[in-house]
1. Just to be sure I understand, how many residues within the range 323-338 are in a loop (DSSP other than H, G, I, E, B) and buried (at least 22 other Cβ atoms within 10 Å of the Cβ)?
2. Which residue is modelled with the lowest pLDDT, if the candidates are limited to the range 17-42 and must be β-branched (Val, Ile, Thr) and surrounded by fewer than 21 Cβ atoms within 10 Å (Cβ to Cβ)?
3. For the range 339-380, which positions are among the polar types (S, T, N, Q) and in a loop (DSSP other than H, G, I, E, B)?
4. Cβ-Cβ distance below 7 Å, separation of 6 or more or different chains: which pairs start in the range 6-27 with a residue that is among the acidic types (Asp, Glu) and end on one that is modelled with pLDDT of 85 or more?
5. Return a yes/no flag: does the range 245-256 have any residue that is out of contact with any Gly (no Cβ under 7 Å at 6 or more places or on another chain), among the aromatic types (Phe, Trp, Tyr) and part of a loop (DSSP other than H, G, I, E, B).
6. Kindly check whether there is at least one residue in the range 117-136 that is in contact (Cβ under 8 Å) with a residue 12 or more places away in the chain, under 25 Å from ASP190 (Cα atoms) and assigned to a loop (DSSP other than H, G, I, E, B).
7. Testing SER59 on (1) in a loop (DSSP other than H, G, I, E, B); (2) crowded, with 24+ Cβ neighbours inside 10 Å, one condition comes back false. Which one is that?
Amino acid sequence: MSFSELGLDPLILKSVQAAGYENATPVQTQAIPAALTGRDLLVSSNTGSGKTAAFLLPSIQRLQAEPTVKSMGPRVLVLTPTRELALQVEKSAMTYGKELRRFRTACLVGGAPYGLQLKRLSQPVDVVVATPGRLIDHLERGKIDFSRLEVLVLDEADRMLDMGFVDDIKAIAARCPAERQTLLFSATLDGVVGNLARELTRDAQRIEIEAVPHKEAKIEQRLLFADNMDHKNRLLDALLRDVDMVQAIVFASTKRSTEEISDLLADSGFASDALHGDMQQGQRNRALQRLREGRTRVLVATDVAARGIDVATISHVINFDLPRQAEDYVHRIGRTGRAGRTGIAVSFAGMREGGLVKNIERYTGNRIEVHTLPGLEPTQRPASGRPSSGRPRANNGPRSFGEKRPGEQKRSFGDRNEPRSYGDRPPRGDSRDNRDRGYRADARGGPRPARSDAPRGNRFEQAAMHGPSDVPRMTGDRPPRTERFRGIDVPREPNGEVNGNSVEYWEKREREAKAKAAAAATRSYGNRAPGARTAQPRGNDHRGGANRVGVRGRFKG
């Protein structure tokens, strides 16, 4: 379906056509007409489906009408999880609204100076794109007004909840007018996202868009098993020296890892940059600009860059560390294969990370083929038992509990045809546990000894060492225990009572303390004569005297 059939304003339609868009995607075809009616929407759509235009186009068209409230606050508010995605959404908004008169936007993200943002908010603004943290700062300072807000958009709501912005989102929604339109876009609408949607929306229309399978075929996915961190570094170096590699994004799990990997690549001669959340927004913008201009060949980033980077020349995505969430894997590899091109996604997995690989395969529905590099094959085998060839397990995969192999007869426990009575079970072997229970396995076939006629294992043999063994002791006639746990009574010396409040007691303690102090003052270390420590001066050059032999000297002989 073309955009001209969706009921858009001619000025907005002109901007869309000037941007090179002709036909609408499935999410745009369903979401744009529904949003133009003014209803709340809950849209489930994957990345790369065109959802940015799905909520921006109807929201910008709503700006054609005059506002009912006169103020300088925004009429459309878009919340995004990351700074890069916020900048990308603002750029799209300026593209779609460039034909409108006095159309202004503002981007409020962390890491950017407050001065420029405050200058934008001091004038009437139509669309504000922000991350929750920085927007809360402006709200607490009283620098932004929501009195004329008409549309609230939550883009990548599931990602914002994963990053811990649920309280900020609720606080922002509480400041917005009750009579507003709420558009929530997320990869999933279940669980916590569904609870938040029910709290923020009213009579919302639910739209779910299925993923397009043919788009996934443009990205070749590979899996390389690594023995250790050194093996990972050698695999990364070999991949980046491939002649087919144009530009690559290497994803690491922590901010510190991004810096270390980037420095290591720079020392090896690669034009590399780092990108993570602790960097200032200006630094992040310059790193992305160098990547777009081709001056940076390898960008090492955390998951903060998994969404919002759109560089068509990225040929490889390398997961140096596997993501903990399977959906993050999809967003990572989506940075390659852009604009109809093909891409390669390579993931490094440790020998104990087979569970993460299975979660990703279960989420994507595709099996990741295992590859090896010549000369860099792993020397260990994965702990999960996954075949190194990448072929599926024999007999159609793993069996469930209780499932039989082909041709296998089901057996009952112990192959018993009739129930046994307690007490006639055969010997269980000469184990330590059986001996401790008083059952000797060497008497096979014989009757079980009675408890009162025979000793019960090693415990009674040990007890015989402490007392007479001719008469079996019972619990009642056991002699009282003494300090040494002997089997005979040992008389104890009477312990006299001590009066801690008496004067004699404290005088005795004081005399003992003085005697100890005098003995310590007269005794020198190592029974040396007094003044021996000062006989040889210790200079800074000798560290212990001129005659002292060093560690190496002592072990040379």
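The values are calculated or read from the model by the stated rules, or taken from the named source; none is laboratory data. Predicted model, so just to flag it, every value in this text is computed and none were measured. Quick reminder, even Gly has a Cβ in these numbers, built from the backbone with ideal geometry, and neighbours come from all protein chains shown.
1. 4
2. Checked the range 17-42; the qualifying residue modelled with the lowest pLDDT is THR25.
3. Applying the first criterion (among the polar types (S, T, N, Q)) to the range 339-380 yields 342, 347, 359, 364, 366, 372, 379-380.
Those that are among the polar types (S, T, N, Q) and in a loop (DSSP other than H, G, I, E, B): THR342, ASN366, THR372, THR379, GLN380.
4. Once the first residue is among the acidic types (Asp, Glu) and sits in the range 6-27, its partners that are modelled with pLDDT of 85 or more give ASP9/GLN61; ASP9/GLN64.
5. no
6. The answer is yes, given that some residue of the range 117-136 is in contact (Cβ under 8 Å) with a residue 12 or more places away in the chain, under 25 Å from ASP190 (Cα atoms) and assigned to a loop (DSSP other than H, G, I, E, B).
7. Just one mismatch for SER59, condition (1).
Residue by residue, here is whether (1) among the basic types (Lys, Arg); (2) within 30 Å of ILE344 (Cβ to Cβ); (3) modelled with pLDDT of 90 or more holds:
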{"residue": "MET163", "(1), (2), (3)": "no, yes, no"}
{"residue": "ALA174", "(1), (2), (3)": "no, no, yes"}
{"residue": "GLN181", "(1), (2), (3)": "no, no, yes"}
{"residue": "ALA187", "(1), (2), (3)": "no, yes, no"}
{"residue": "GLY191", "(1), (2), (3)": "no, no, no"}
{"residue": "ALA197", "(1), (2), (3)": "no, no, no"}
{"residue": "LEU200", "(1), (2), (3)": "no, no, yes"}
{"residue": "HIS214", "(1), (2), (3)": "no, yes, no"}
{"residue": "ARG222", "(1), (2), (3)": "yes, yes, yes"}
